[in-house]
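Working notes, beginning with the structure itself.
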Amino acid sequence: MSSRKHPLHRLRGILFMIAAVFVFSIMDALMKHLSAHYVPLQIACLRALSSLICLLPAIAWQRSWRSLRPTQPWLHGLRGALGIVMLTSFVFAVHRLTLAQTYSLFLAVPLLMTALSVPIHGERVTARRWLIIAVGLCGVLVILQPWNKGPFSMVAAAAAAIAAVCYALSALTVRTLGPGNSSLSMAFWYLGLVGVASGLLAWRDWSPVAAGDWLWLAAIGVSGALGQLWLTEAFRRAPPSVVAPFEYTAILWAFLIDWVFWSASPSVSLLIGAGIVVTSGIVVILDEHRLAGRPMSAALPMP
């Protein structure tokens, strides 16, 4: 029996996925905290560089500097640009919305990836899949309630939508970069490009980092690095079709974090809409596994 098919390995893969999603949620909550004091581009820079600093010792320990040599550098540059827009939009959104509201919109990423794979990769999407996507986007409408004066800023909601689109596009570039680049190389160049470029763009509005915030930045770097490590371990131990649906535990952590730290409770429309989006995303993942035999993992909804 393949190790990935062994029940114990699958269970460990699921536990690693839940742990990865949890620490990514903590990272996003810390970015929300810092968004009250720094502009989004500065937070994007600090988030990327803090995780890069945590990545460098692992590269040095493994002596894997040669594996960092990129192929298709223009595509790495495009992914970096998408990452800057995604992170700044996400920080802008999460500063004005609750974590759960932002996540509920961002969880539409797998649906967007499926739709965008048609023009970008020329993939065929069945009528059944388009129906699932349509249902999921109806869930987004339930969250937004454009027919009423919504409980939150539509500008912030639009920023969350932009972040989701950029993340979906970035995830699709990974599928093109994958054959010629190691995972370490893609992570290194992504974090490096986002960190340096967003830092240059934020230079005019840069605020000195307060002494007490360095601890939060260190926590962001560690949680981002641990999340990536545990995410990789989850997919190594179990098939994507088994572990990917557990990425949606993010919404549960978001509800809990909002309640504990910001005393924010989800509205009924948010619960219903998030339920529709999450269910649609899980169905897309399982349908991809059933039809293609090579499941598309849901893109993790935490930048």
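What follows is calculated from the coordinates using simple rules that are stated; it is not laboratory data. Nothing here was measured: the structure is a model prediction, and the numbers come from that model. Here Cβ is always computed from backbone atoms with ideal geometry, including for glycine, and neighbour counts include all displayed protein chains.
Key figures for this structure:
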quantity	calculated
Ranked 265, 223, criterion: other C-beta atoms within 10 Å, fewest first	265, 223
Positive-pole candidate from 281, 14, 252, dipole of the chain, charges at beta carbon	14
Dipole-positive endmost among 67, 94, 144 within the chain (Cβ charges, Cα centre)	67
Least to most buried among 235, 261, 92 (fewest other Cβ within 10 Å first)	261, 235, 92
Assigned charges on the beta-carbon of Lys, Arg, Asp, Glu; segment 136-254 dipole about Cα centre (debye)	200
Helical segments meeting 15 Å axial Cα length and Kyte-Doolittle 1.0 threshold in the chain (DSSP H)	7-34, 40-62, 109-121, 127-144, 154-177, 183-201, 250-262, 268-292
Shape call, segment 147-259: gyration tensor on alpha carbons, a/c limit 1.5	rounded
Per-peptide average of other Cβ atoms within 10 Å, ordering 9-18, 52-61, 107-116 highest first	107-116, 9-18, 52-61
Magnitude of the charge dipole, the chain, Cβ model with Lys/Arg +1 and Asp/Glu -1, debye to 20	820
Cα-based shape type of segment 8-87, given that a ≥ b ≥ c are square roots of the gyration tensor eigenvalues and the cut on a/c is 1.5	oblate
Among 228, 145, 62: highest mean-square fluctuation, GNM of the chain, C-alpha pairs under 10 Å	62
Exposure proxy ranking, count of Cβ atoms within 10 Å, fewest first, for 248, 167	248, 167
For the chain, the spread of Cα positions along each principal axis, largest first, Å	52, 50, 38
Around residue 50: net Lys/Arg minus Asp/Glu count, Cβ-Cβ under 14 Å	-1
Kirkwood hydrodynamic radius over Cα pairs of segment 1-145, then Stokes diffusion coefficient at 37 °C and 0.692 mPa s, in µm²/s	176
